[in-house]
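The structure appears right after this line, and notes come after that.
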Amino acid sequence: MNTLLHCLVTASLMLTISCGVAAFLLRRIDRMTPRLRQIILFAVLLQGLMLFRMPVELPWLEPDPMSATSLSPVAIPDVAVSVGDSLVGPQFQPESGRSDAVTAGSGLLSTESPTNDAFVSPWTDLVTPTALTVWMLGMVAIAGRGVTRYRKLCRLVDQLDPAPASWQSQWQRVCRLRGRDAPEMLVSGAAGPMLVRRPRGYALVVPAPYWESLTVDQRRGVLLHELAHLCRHDVWRQAIARTAVALHWWNPAAWWCVRHYEESAEWACDESLTRADPAAAQGLAASLVQLVEFIDHPPATPPRIAGGLGVQSMAAPPLTERVTRLLNASSSPPSRDSVMKRLLLGLIAAGLVFLSAVQFRLVAADNDAPGQGGETSDGRSASLQVLSSDSKDQIQTLRRRLNPSDKASSQLAQLLDSESGQVAFAGVIDLLKGKYRETARAEAIPRFVEKHFDVAPDGTLALRGDSRQAAESWVQQSRQLGQVLDSMQRRMKGVAERLDDSTETNQMARRMLTDEHVGYAIMLDEFDGRSDPIELFLGKALEKVLVRRGDKMVVIPTLGADGRRQIERFELATKVFEKLKRELPDFASEFATPDERHERLVAKLDDPAMAAVVALHLTKEHTSSATAAVDDLFVQLEKISRDTAAGLVIENEEAWQNLEELLEMADRAGNRIDAVRDRLIQIEKDLDKSDPLTQRFATQIKSGVIAFQVAVDVPYADFDLGKHVEGMISQVMEPEGENGLRVRDDAADQVNQRAGELLTACRTIRRYLRRVDDMRDSMADRQLAESLEGPGRMLLLTEIRRLAEQSQPDTTELLAKEFFVVDEATGQWTVHPQRAEVVGQLTRRAAELEHELAKDDF
């Protein structure tokens, strides 16, 4: 909480200071172009948006010799003589990243007196949550007001009528001249002219009485002005600016900056007319004069939609000043900023952006004395790492189980109460996992053989009966893998043939691209060995939900509320689906079929895929009951339908747009549902049904609508992995000569490093493939062995690799086996006597990490 408030206050302070600098510059420098004004003001707004900044250390403080001595890592025993240090050794690398929250809050080497701390703490405990609560409530109120006004705006705009054909034609001609598609043009009674961004696209709104009073040139000026907003994406820029206001709602500097930023946007569009079309600029000036009169004496009370989120209104003030600028610019050439002015103000804007991205930290200067400073005896720098929420939850669960009557266990429990102690212990867990990972790799092929084959006395491998279906799947998948690898190899070979030999980097890249196993190495590295688009999609989606526990998968125990709500939504959608499968075909019989659209709809209402898609769509909003969701659907269908002598017909075009989208989704789902179900059934078999939440998820995978959701969402039905890899490679290439290629100079180091990694992987792959060949040679089923030649060898290697990963024990099992003695009766964990010395080393390591955090931030 303190950290968040600190970030907000820092951002607001930086915004206020930057705003003062910008106000001084805008006041002192005459005739600054609107574009330059916008750049400076946007750089100021960035100060308020950058809540988290990159730390930059400035070693300006004197080192503290007392602190360095008291926390010196030299006391850690040497690696060669310490058994415990094999677990807390030089290579310990927990999760990456740096904990700014802990850095900001660390007080290990605080110079404040205890008296001062006692005096400040009660006030801090009261003021901090109160200030943060008020701040957040203001943010929510501002954001809620903006969203409410935007939704009202969209509803009002959706109710407007299209403009007459002659007005639309002029708008389309103007847009075509600038190479843009013309957004929809609508007419209102009194609101506008303004460009509105709705969820489904832009719309230009003009008031009919005002527009009828304008001449052709005046209309052209208005249209070019609004087109300039469209081309400059001013609506999106305005949204970013208003986000800063929502964050800093109490700060007048934020409101001042946004107001002047939006004025500069209007001036910039006006100025673009004076440069490109002076006649249109004069027309715009005349139309603004009439707009002033129109606003003062409107024919009707305009709805309050002339400003806010998603709107770029031409009626934005100050209109009089804009007319003066347009007329002055039309009578004399537009002024341009001098090169020196642009350079100076550009440097100032760049400096403001730089300040928004960094956070300076005063740290102690390096001390050359041995045993002092932030490095360990082996040259390592202690740094506090960020732990994921899952890792923290696991460690806290372990801490609660520790035996308080055992000295080492009690000391470890106290250590795990601190962030640095948790990070140090995470290093132990990582090293244990690494040890078992190496063991699993060494035993991967024997375990694979044990799972799928019976070994005869002469060493022949006979496929087990329960693995025949898996073997058929290997053969089928190996064919698909072969096609994918051939495509990748062909495309990479084409790139390699175009590479010249002028540099060593190009030669290295060519060697890598022509290696026979590089395609498989890339597939393993980038796509986890998957070549099937549905498998790729499921792998990415399910890794956010499932985690392996032993040889089974379970729903992540710490799955957030959003994840649990998603499972509940699928359960509700399945109930809705079951109802719709029965009721939609009955309702379809009520429709007439006067045209092709109605025929398609009636046919699709009999399709279970349509029922599933509609069920998923309904449960995005309905969370009460399946019956209520279905009843509401039929109420909506009755509203958009009309009874005729032949039956129901739908004449509402907007409703047809929504229906056609659902029909298209149902088509996609129907085309892929069988392939998706096959893969989900395999996943369901791998789930641990003893876990209640996993049981619910397994039920949905087996018989629910999840399969239809996946079938709709798979984004690449005809995914070409070779083309995708070719695109990745082309990002580091540039043309050379007529048809040649070369590695870009700025990407040379990256390519050399990546090529070295892939070539190493290729050598490892070849080593393991020889072992796979030995296994194939021992197979009794020679037809199966021959079917698994070529890409089949790599398919087997992929299956062996996955089995090795699945055999990894979870963290709890690993610690119980290697580090603790578990009392089954009481459930308490006691540090193993042989690991007691590691607890002392962990304590010193945690102190070393805390010592690194003896810094002041500003």
Quick note on 701, 673, ordering by fewest other C-beta atoms within 10 Å, gives 673, 701
Under Stokes-Einstein, segment 624-688 at 37 °C and 0.692 mPa s, with its Kirkwood radius over C-alpha pairs, diffuses with a coefficient in µm²/s of 217 µm²/s
Sorted by chain and then number, the residues having a modelled amide H within less than 5 Å of the amide H of residue 779, at least 5 places away or on another chain, are 461
Karplus-derived 3J(HN,Hα) from phi for segment 542-549 (6.51 cos²θ - 1.76 cosθ + 1.60, θ = phi - 60°), whole Hz, x at Gly and Pro, runs 7, 5, 7, 10, 10, 9, 7, 10
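Please work out the Cα convex hull volume for segment 753-816 and give it in Å³ per residue.
124 Å³
Under the definition of Cα pairs under 8 Å and six or more residues apart, what whole-number percent is the relative contact order of segment 675-802?
12 percent
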Scalar couplings 3J(HN,Hα) for segment 165-181 by Karplus 6.51 cos²θ - 1.76 cosθ + 1.60 (θ = phi - 60°), nearest whole Hz, x for Gly and Pro, are 4, 5, 5, 4, 4, 5, 5, 5, 5, 4, 5, 4, 4, 9, x, 10, 6
Which residues qualify? For residue 499, with a placed amide H closer than 5 Å and at least 5 residues away or on another chain, they are 741
Length gained if residue 498 through residue 645 is fully extended, taking 0.36 nm per residue and subtracting the Cα-Cα distance, is 46.0 nm
Quick calc: nm separation of the 7 Å Cα→Cβ label points for residue 583 and residue 458 -> 6.8 nm
Sorted by chain and number, the residues with a modelled amide H under 5 Å from that of residue 185, at a separation of 5 or more or across chains, are 163, 204
In whole percents, the bins of 5 Å from zero upward hold the Cα-Cα pairs of segment 639-791 as 2, 6, 8, 8, 8, 10, 12, 14, 12, 8, 5, 3, 3, 2, 1, 0
In whole Hz, the Karplus estimates of ³J(HN,Hα) for segment 141-155 (6.51, -1.76, 1.60; θ = phi - 60°; x where Gly or Pro) are 5, 5, 5, x, 4, x, 5, 4, 5, 5, 5, 5, 4, 4, 5
Expressed in angstrom and ordered largest first, the alpha-carbon extents of segment 561-713 along the principal axes are 57, 32, 24
By the Cα gyration tensor axes a ≥ b ≥ c (a/c under 1.5 gives rounded; else a/b larger than b/c gives prolate, otherwise oblate), the shape of segment 122-173 is prolate
Projected onto the charge dipole of segment 561-713 (unit charges on the beta-carbon of Lys, Arg, Asp and Glu, signs +1, +1, -1, -1), the Cα from 687, 572, 666 with the largest positive-side position is that of 687
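No value in this document is a laboratory result; all are computed from the given coordinates. Worth saying up front: this structure is predicted, and the values here are computed from it rather than measured. Note that each Cβ is placed from the backbone with ideal geometry, even for glycine, and that neighbours are counted across all protein chains shown.
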